[in-house]
Amino acid sequence: MLGVLARITAKSAIMKPSSLVKPVSVTKLVGRYLVHQEGLPKLPVPPLRQTCERYLAVLEPIISEEEMVHTRELMDEFLRPGGVGERLQKSLERRARKTENWLSDWWMQSAYLEFRMPVVVHSSPGVVLPRLEFHDRQGQMRFAAKLITGVLDFKTMIDNETLPVEYLGGKPLCMNQYYQILSSCRIPGPKRDTVVNHAMGKMPPTHITVVHNFQFFVLDVYNSDGSPLTVDQIYMQLEKIWNSSLQTNKEPVGILTSQHRNTWGKAYNNLIKDKVNKESVRAIQKSIFTVCLDAPMPRVSDELYRSRVAAQMLHGGGSRWNSGNRWFDKTLQFIIGEDGSCGLIYEHAPAEGPPIVALVDHVVEYMKKSEMVRSPMLPLPMPQKLRFNITPEIKKDIEKAKQNMNIMVHDLDVKVIVFNHYGKNVPKSYKMSPDAFIQMALQLAYFRMYHHCCSTYESASLRMFKLGRTDTIRSTSIDSLRFVQAMDDPSKQNTEKVALLHKAVGAHRAYTDMAIHGQAIDRHLLGLKLQGIEDLTSMPDIFMDTAYAVALHYNLSTSQVPAKTDCVMCFGPVVPDGYGVCYNPMEEHINFAVSAFNSCAETNATKLAHALEEALVEMRDLLEQTPQAKL
Ligand code: COA
């Protein structure tokens, strides 16, 4: 079996990437996934001293010299031979020996399942797809039918274990997240949530859920012989769903899922006391994915269109619009509006963005091929409408959820821009990492707005390791600070600015390499802290230090999610006075989604987006005007 795997992975590594992800085999490859997973290295625990030294270096540009002196003292104490640092490190190393991945369970719990803020805006990312050309219900239905078959085609590769292995820096990646995104759902709990995955169960689901006018339906997407329904068949079923959900006065029960997790946990227990409700909820949780057929949203100018769709993806526009047309706990919800708006929202606990956009890329390509061929059809049964009995108490919970949702909708400021001046091509031509270049532009934009730099998070993939999720690339460094300060310093020559840019980009790329190889600092520090809690050690002072709180207060929370499709992922800020910035760098343009909260007087998504555009243009101009720029 290992030999087979070696051949398969080697083949996919040299395969020229085509837009449509093609299976590595036409037949099922039982056990291939597990063999691949077994071959992956375990996430290392970085050396203690290395992390502590790097942590101090990270703090330097974001805290004062006085605070630095204090933190150095705390660190000396932490690192004392035979001290608490060494003890925790040993415990952590023991945990790493005993588990498949010392971090993944802790991360899942602390970053997602114990996080009590609503998943809407605060956790679930959205994806904005290009505007579709239909403006009516038939177009909407036809598109939805094709999209569903595209997702089912991707699912076949997951089920058959024939999905090509992905690579980063020449190394094969953990493919586990692909097995978590379909047929799964988050379930609220009073203190912490859980995620159920029905794909691995004895009776994997054969249905998806479709929601229209706040009403949920079970749509069986497989024939009894196991073959998926055709586009034509799905279209007919969607028509039936549409026609039996014309009433618009239904209670938007799905909006309950947008509540603070404790509140929703309580409301959930109350909702499922009723047997009918419990079965309906279970049908949604168990479904392969959800398709939301949205009502048209208010028209906006072309310039604002993508920003408007980003908001629709992230929250649905409020209780008057499509916020009730969701089940936000569902891992994957595709959203298709009658007005041609399109995208998705996903619940973050089971996966990061890249597997989601890989699926999107496949579906988009697949849809270009699939046609509505009229095939002889056996009549299919009417999709089952899911019933909910709404008691006065549930009604009260829904009303509260509507109010809170509308507050979130008003608070979120999201701006999508297409930066058209250039894409990855320009930094590449100057032998710089495009990602690092974009991050430096963001540093410059932020510095110009605030005259200081801030703690910045960029997600780095840990998928080189078994069950790996992410670590943090800290984009703010001494080198980034020197570069942004120099840019507006009239005493600096262009050659010096260019040299500082190269140095800052190089430092960012070096941090990225360190992070993707499991040597970044943030998850290690979290691990030491959680190990302290588990070992019932009193909390070491370095974790009670204000510098640690500053380091974790990410005013800029950023992520690159590259896709072949001309789309962009979007998410909310992670702190009240921060920004969420996600980007998809294409060869000749870059799509950005910038978010902020309106309730914070100091932040403004549009301003940061414009400052970012200006910074990118200036950085290119600087390189063009400096003959020595090409190293
Ligand atoms: N000179 C010329 N070209 C260069 C270069 C240089 N010095 N450095 C990089 N490039 C090229 C690369 O070869 C690559 O080429 P391609 O377009 O043909 O693929 C391209 O530029 C992009 O490289 P870079 O910009 O450095 O980024 P990356 O692709 O290595 O990605 C991360 C960096 C951090 C985004 C990636 O490692 C990662 O971890 N991604 C996952 C993030 C994640 O999980 N996000 C989701 C959170 S929900």
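Conditions tested, residue by residue: (1) within 16 Å of the ligand (Cβ to nearest atom); (2) in contact (Cβ under 8 Å) with a residue 24 or more places away in the chain; (3) surrounded by fewer than 19 Cβ atoms within 10 Å (Cβ to Cβ).
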{"site": "LYS396", "(1), (2), (3)": "no, no, yes"}
{"site": "MET408", "(1), (2), (3)": "no, yes, no"}
{"site": "ASP411", "(1), (2), (3)": "no, yes, yes"}
{"site": "ILE417", "(1), (2), (3)": "no, yes, no"}
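Taken over segment 547-600, the criterion of being free of Cβ contacts under 8 Å to residues at least 40 places away in the same chain and open to solvent by 20 Å² or more (accessible area, probe 1.4 Å) is satisfied by ALA549, PRO576, ASP577.
Tally time: how many residues in segment 471-484 are part of a loop (DSSP other than H, G, I, E, B) and either of a type outside the set (Gly, Ala, Ser) or open to solvent by less than 10 Å² (accessible area, probe 1.4 Å) (or both)? Step through it out loud before you land on a result.
Taking segment 471-484 first, the residues part of a loop (DSSP other than H, G, I, E, B) are 475-477.
Those still in the list that are either of a type outside the set (Gly, Ala, Ser) or open to solvent by less than 10 Å² (accessible area, probe 1.4 Å) (or both) too: 475-476.
Number satisfying all stated conditions: 2.
Check segment 418-427 and report whether any residue there is farther than 22 Å from VAL568 by Cβ and either in contact with a Pro (Cβ under 6 Å, 6 or more places away or on another chain) or of a type in the set (D, E, K, R) (or both). Looking through segment 418-427, none of the residues is farther than 22 Å from VAL568 by Cβ and either in contact with a Pro (Cβ under 6 Å, 6 or more places away or on another chain) or of a type in the set (D, E, K, R) (or both). In segment 255-263, the count of residues that are in a loop (DSSP other than H, G, I, E, B) and either at pLDDT 95 or above or open to solvent by less than 60 Å² (accessible area, probe 1.4 Å) (or both) is one or more. Pick from ALA611, ALA601: which is in a helix (DSSP H, G or I) and either of a type in the set (Gly, Ala, Ser) or at pLDDT below 95 (or both)? Among ALA611, ALA601, only ALA611 is in a helix (DSSP H, G or I) and either of a type in the set (Gly, Ala, Ser) or at pLDDT below 95 (or both).
Counting the residues of segment 111-147 that are of a type in the set (S, T, N, Q), surrounded by 24 or more Cβ atoms within 10 Å (Cβ to Cβ) and within 16 Å of the ligand (Cβ to nearest atom) gives 1. In a residue-by-residue description of segment 485-504, the property of being touching a helix residue (DSSP H, G or I) at 6+ places or on another chain (Cβ under 8 Å), open to solvent by 10 Å² or more (accessible area, probe 1.4 Å) and within 15 Å of the ligand (Cβ to nearest atom) applies to at least one position. Identify, by number, the condition in (1) out of contact with any Cys (no Cβ under 6 Å at 6 or more places or on another chain); (2) buried (at least 23 other Cβ atoms within 10 Å of the Cβ) that GLN333 doesn't meet. Result: GLN333 fails condition (1) only.
What number of residues within segment 451-484 satisfy the criterion of being within 12 Å of the ligand (Cβ to nearest atom), farther than 17 Å from ARG54 by Cα and not small (Gly, Ala, Ser)? Final tally of qualifying residues: 5. Can ILE390 be described as away from the ligand (no atom under 14 Å from the Cβ), under 30 Å from LYS266 (Cβ atoms) and part of a strand (DSSP E or B)? No: the conditions fail for ILE390. Among what's in segment 575-586 and is away from the ligand (no atom under 12 Å from the Cβ) and in contact with a Phe, Trp or Tyr (Cβ under 7 Å, 6 or more places away or on another chain), pick the residue that is nearest to MET449 (Cα to Cα). Out of the qualifying residues, it is GLY578.
Among residues of segment 255-278 that are more than 22 Å from VAL211 (Cα to Cα), those with a beta-carbon under 8 Å from a residue that is of a type in the set (A, V, I, L, M) and open to solvent by 10 Å² or more (accessible area, probe 1.4 Å) at least six positions away or on a different chain give the pairs HIS260/MET117; ARG261/MET117.
Pairs are defined by a Cβ separation below 8 Å, a sequence spacing of at least 6 or placement on different chains, a first member in segment 423-450 that is near the ligand (Cβ under 8 Å from one of its atoms) and part of a helix (DSSP H, G or I), and a second member that is open to solvent by less than 20 Å² (accessible area, probe 1.4 Å) and aromatic (Phe, Trp, Tyr); the pairs so defined are PRO427/PHE437; ILE438/TYR583.
Table: residues versus (1) open to solvent by 10 Å² or more (accessible area, probe 1.4 Å); (2) modelled with pLDDT under 95; (3) within 18 Å of MET141 (Cα to Cα); (4) over 20 Å from the mean Cα position of the chain (by Cα).
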{"position": "SER183", "(1), (2), (3), (4)": "no, no, no, no"}
{"position": "GLY201", "(1), (2), (3), (4)": "yes, yes, no, yes"}
{"position": "PHE214", "(1), (2), (3), (4)": "yes, no, yes, yes"}
{"position": "THR230", "(1), (2), (3), (4)": "yes, yes, yes, yes"}
{"position": "VAL253", "(1), (2), (3), (4)": "no, no, no, yes"}
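A count restricted to segment 512-546 and to residues that are open to solvent by less than 30 Å² (accessible area, probe 1.4 Å), under 15 Å from ARG474 (Cα atoms) and outside any loop (DSSP other than H, G, I, E, B) stands at 7. For ALA605, the conditions (1) under 21 Å from the mean Cα position of the chain (by Cα); (2) without any contact (Cβ under 8 Å) to a residue 40 or more places away in the chain are fulfilled apart from (2).
Suppose we keep only residues that are of a type in the set (A, V, I, L, M) and in a helix (DSSP H, G or I) within segment 238-254. Which one would you say is farthest from ALA295 (Cα to Cα)? Full working, then the answer.
We begin by selecting, within segment 238-254, every residue of a type in the set (A, V, I, L, M); these are 238, 241, 246, 253.
Checking which are in a helix (DSSP H, G or I) leaves us with 238, 241, 253.
Details: LEU238: 15, ILE241: 14, VAL253: 17 Å.
Applying the filter and picking the extreme gives VAL253.
Candidates in segment 419-457 are the residues that are within 30 Å of ALA549 (Cα to Cα) and of a type in the set (D, E, K, R); of these, the one that is surrounded by the fewest Cβ atoms within 10 Å (Cβ to Cβ) is ARG448.
Kindly evaluate GLY150 against the criterion of being without any contact (Cβ under 8 Å) to a residue 60 or more places away in the chain and open to solvent by less than 30 Å² (accessible area, probe 1.4 Å).
It is false that GLY150 is without any contact (Cβ under 8 Å) to a residue 60 or more places away in the chain and open to solvent by less than 30 Å² (accessible area, probe 1.4 Å).
Scanning segment 329-378 for residues that are of a type in the set (A, V, I, L, M), outside any helix (DSSP H, G or I), modelled with pLDDT of 95 or more and away from the ligand (no atom under 16 Å from the Cβ) yields ILE335, ILE336. When PRO190 is tested against the conditions (1) assigned to a strand (DSSP E or B); (2) more than 17 Å from the chain's Cα centre (by Cα); (3) surrounded by fewer than 23 Cβ atoms within 10 Å (Cβ to Cβ), the lone failure is (1).
Would you confirm whether or not segment 186-198 contains a residue that is within 16 Å of the ligand (Cβ to nearest atom), of a type in the set (Asp, Glu) and within 28 Å of SER595 (Cβ to Cβ)? Within segment 186-198, none of the residues are within 16 Å of the ligand (Cβ to nearest atom), of a type in the set (Asp, Glu) and within 28 Å of SER595 (Cβ to Cβ).
Hey, does segment 585-608 have a residue that's of a type in the set (D, E, K, R) and within 25 Å of PRO354 (Cβ to Cβ)? Yes, segment 585-608 has at least one match. Total residues in segment 554-573 satisfying the condition of being within 12 Å of the ligand (Cβ to nearest atom) and not basic (Lys, Arg): the figure is 10. The set of residues from segment 216-228 being at pLDDT 95 or above and in a loop (DSSP other than H, G, I, E, B) comprises just one member, VAL221.
The values are calculated or read from the model by the stated rules, or taken from the named source; none is laboratory data. Keep in mind that what you see is a predicted model, and the values were worked out from it rather than measured. Heads up, the Cβs are rebuilt from the backbone with ideal geometry, glycines too, and the neighbour counts pull from every protein chain shown. Note: accessible area is taken over every heavy atom of the protein model, side chains too, but ligands, DNA and RNA are not part of it. Shrake-Rupley method; radii C 1.70, N 1.55, O 1.52, S 1.80 Å.
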